[in-house]
Each structure stands twice: as C-alpha cells, then as structure tokens.
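Peer 1: Can you keep this structure in mind? I'll have questions shortly.
The values are calculated or read from the model by the stated rules, or taken from the named source; none is laboratory data. Keep in mind that what you see is a predicted model, and the values were worked out from it rather than measured. In this analysis, Cβ positions are derived from the backbone assuming ideal geometry, glycine residues included, and neighbour counts consider all displayed protein chains.
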Amino acid sequence: MPWRRLSGNEMTDPATHPTTSADTLPKPTAMQVGSLRVTALQDGHFDLPTAFLTSPTGESPIADATFNLDVNAFLIQDANRNILVDTGCGSQLGPTVNKLVPSLRAAGLAPSDIDAVLCTHIHPDHTNGLIDAQGSAIYTNAQVFVHQNEIDFWLNDGRREQATGELRQSYEWAHEAFSPYAGRIEPFRSGGVLAGIEAIPLFGHTPGHCGFQFDGGGTDQLIIWGDVVHNIEVQAREPEISVLADVNQSEARSTRLSIFDRVTADDVLVTGMHVKFPGFGRLRRAGAGYEFTPDP
C-alpha cells in the first residue's frame, strides 16, 4: 500500500524514492470557476507497482512495472472563505510527499488562513496532513468536515483495537490526525455541506468516500471526485479496473461508472486527488470507455 510506514532504507534510497523538494514541486495552478478561484496544490507523488491496479480479468492493465501517483489537494476561495480539500500525506509517508504546506504558502496563504477543511475520505495520503510531525493541528482556525460513515469506520475505537498490520496502522494514523481537532469536526452525510458546496456520496473506495460539487454561479461548476481514479488514463479507458486500497472494489466500480456517466452527460469540469497534476479536465465517451481531456 502507498501509505504503509516506510523503512529507513526505503525512505533514504534516492533510486527508489528520489527527494522532491519544495523548489521542484509544480507551482500552484489556479483557475476561475465562476465566482470561485480554485487552486491545485501538490503534496508530492509516489511510484506504485502496477499490481496496485486490479482488473476483473486478472490481466495487468499496463505494461510498465510501476506508475506515478500524484497526490493533490485543492484550495477553493470566494470573497469570504478559504477552503482546503484534503491535506495530503503528512510526515509519515516518506520524502516524496508532505509538501502541501509549502505549496499552500506558494499560493499566498498560511495554514492559519484556512477556514474549513473538506475531507474526501480518511486515508493517510489525504488526512495525515492535518497534523505536523509533533502531532499538533496544522490548520488551527479550520473546521474539519468529514462524512459520518468515515467517522464511524475509521475513528471507532473498537475497530481500531481489532485491526492488525497495515490496517491497524491506518486506524492509528486516523486517530492521531483527528484528535487535535476535537470540537471542530463537522460530520455530514450528503447534500449541502457549506453554502455553494454539495457532498456527493461516492462510496466503495472507503465507506464514506465522497466528492464535492462546487457551484460558481450559473452553469459554472466543478466536481472534485476524490479517489474515484488512481490512474486516469487506465481507468477512463477501462472503468472496471479498481485498486487494492478500495475497501469494497465492487461498489467502487459501480460508483466510478455512475459518476463517469454523470460528469459526461453534464459536461462538468472535474478533478481528483490522483489525477496527473494539476488535474482539471473533462471526461468524454470513447468507444466502450471514456477519455479524459485536461482543461486547460
């Protein structure tokens, strides 16, 4: 899994995990969605084995041994609010990630400027970045919004005590990441989360995994679909392909097909946490599958 704790050799071997400094990160990329300014921020990347992608046929969907997985977050700004969608990997997952705070500063903001954090789901590469290496809250003035199913699944002490191995580590990290935000966690289920922001249930990857639709006024909309895809080229062409990290692969496949149909029919601008940075684009039907076209 990309979020297992790395060994000392893995974290320092430049051939396996080349260091990504703040200076070499892609610059924040902003675009206007109606009245909203949306900025893509990169936390870093992983190189994952192709076996992370799972095909119902059992065949490898790509010839290469590994593929690159970008880790993105998004800053949404209107006249009154600074909203961050996901927080990246934090300090536990190796030297190629944990660059979100420098990326945010490059966009002109400090963590204390963030009013709300929207979590697509609780996984270490999305929520470990809520805290610093000392376990303190980074976003000191933010309310944290997360689906109730995620809270019930990942922040449940009984489940945490019963879990073993890498899954136990994910539970521990979830507990550590959210504990400093006690009293500032806002559960939701679906529908309106904040003014102009609608939660879209996209279950399967995790029990409460969701996307967010942002209304910029008129027909200007953006859907951030979280982890619906981990390799857009492969999964647009073959939506049946899931990933090892899906809690329920069958449900994740159904969800992917459903949201693909929706954004294609409505011609909605989309992006995700693992679409090649900056990740904005539109989906079109292509043969038996789909094709993703970056925009701009």
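Peer 1: Counting residues that are under 17 Å from I76 (Cα atoms) and aromatic (F, W, Y), which strands (runs of 3 or more DSSP E) fully inside region 255-296 reach at least 2?
Peer 2: Qualifying strands (runs of 3 or more DSSP E): none found.
Peer 1: Under the condition of being β-branched (V, I, T) and under 16 Å from K276 (Cα atoms), which residue from region 51-76 is modelled with the highest pLDDT?
Peer 2: V71
Peer 1: Does H230 qualify as being touching an Asp or Glu at 6+ places or on another chain (Cβ under 9 Å), modelled with pLDDT of 95 or more and closer than 22 Å to T54 by Cα?
Peer 2: no
Peer 1: Test N149 against the stated conditions and say whether it is among the polar types (S, T, N, Q), in contact (Cβ under 8 Å) with a residue 12 or more places away in the chain, surrounded by 23 or more Cβ atoms within 10 Å (Cβ to Cβ) and within 21 Å of W225 (Cβ to Cβ).
Peer 2: No: the conditions fail for N149.
Peer 1: When you look at A107, is it within 26 Å of F260 (Cβ to Cβ) and at pLDDT 95 or above, yes or no?
Peer 2: Considered against the rule, which asks whether it is within 26 Å of F260 (Cβ to Cβ) and at pLDDT 95 or above, A107 comes out as no.
Peer 1: Is it the case that A265 is in contact with a helix residue (DSSP H, G or I) (Cβ under 8 Å, 6 or more places away or on another chain), surrounded by fewer than 21 Cβ atoms within 10 Å (Cβ to Cβ) and of a type in the set (A, V, I, L, M, F, W, C)?
Peer 2: no
Peer 1: For F212, indicate whether it is touching a strand residue (DSSP E or B) at 6+ places or on another chain (Cβ under 8 Å), touching a residue at least 40 places away in the same chain (Cβ under 8 Å) and not aliphatic (A, V, I, L, M).
Peer 2: Against the criterion (touching a strand residue (DSSP E or B) at 6+ places or on another chain (Cβ under 8 Å), touching a residue at least 40 places away in the same chain (Cβ under 8 Å) and not aliphatic (A, V, I, L, M)), F212 qualifies.
Peer 1: Consider G216 carefully, then state whether it is of a type outside the set (K, R), over 16 Å from V117 (Cα atoms) and surrounded by fewer than 21 Cβ atoms within 10 Å (Cβ to Cβ).
Peer 2: Spelling it out, G216 is indeed of a type outside the set (K, R), over 16 Å from V117 (Cα atoms) and surrounded by fewer than 21 Cβ atoms within 10 Å (Cβ to Cβ).
Peer 1: Follow-up question, since we're still on this one. In region 158-171, how many residues are surrounded by 14 or more Cβ atoms within 10 Å (Cβ to Cβ) and touching a residue at least 12 places away in the same chain (Cβ under 8 Å)?
Peer 2: 5
Peer 1: I would also like to ask the following. Can you spot a residue in region 59-76 that is under 23 Å from A182 (Cβ atoms), part of a loop (DSSP other than H, G, I, E, B) and in contact with a Leu (Cβ under 7 Å, 6 or more places away or on another chain)?
Peer 2: no
Peer 1: Let me spell it out: the conditions are (1) surrounded by 15 or more Cβ atoms within 10 Å (Cβ to Cβ); (2) in contact with a Ser or Thr (Cβ under 7 Å, 6 or more places away or on another chain); (3) under 24 Å from L269 (Cα atoms); (4) not basic (K, R), and T206 meets all of them except one. Which number is the exception?
Peer 2: T206 satisfies every listed condition except (2).
Peer 1: From the list I138, I200, which residue is buried (at least 17 other Cβ atoms within 10 Å of the Cβ), under 16 Å from C89 (Cβ atoms), free of Cβ contacts under 8 Å to residues at least 60 places away in the same chain and not basic (K, R)?
Peer 2: I138
Residue by residue, here is whether (1) out of contact with any Lys or Arg (no Cβ under 7 Å at 6 or more places or on another chain); (2) under 17 Å from V33 (Cβ atoms); (3) of a type in the set (F, W, Y) holds:
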{"residue": "L202", "(1), (2), (3)": "yes, no, no"}
{"residue": "F212", "(1), (2), (3)": "yes, yes, yes"}
{"residue": "L222", "(1), (2), (3)": "yes, yes, no"}
{"residue": "V247", "(1), (2), (3)": "yes, no, no"}
{"residue": "S258", "(1), (2), (3)": "yes, no, no"}
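Peer 1: Just for region 55-111: of the residues that are among the polar types (S, T, N, Q) and crowded, with 18+ Cβ neighbours inside 10 Å, which one is nearest to G289 (Cα to Cα)?
Peer 2: Going through the qualifying residues, I end up with N72.
Peer 1: In region 220-253, which residue that is outside any loop (DSSP other than H, G, I, E, B) and polar (S, T, N, Q) is surrounded by the fewest Cβ atoms within 10 Å (Cβ to Cβ)?
Peer 2: S250
Peer 1: Continuing with the same structure: Looking for whichever is within 19 Å of the chain's Cα centre (by Cα), crowded, with 24+ Cβ neighbours inside 10 Å and on the phi < 0 side of the Ramachandran plot here; the options are L130, L155. Which one fits?
Peer 2: L130
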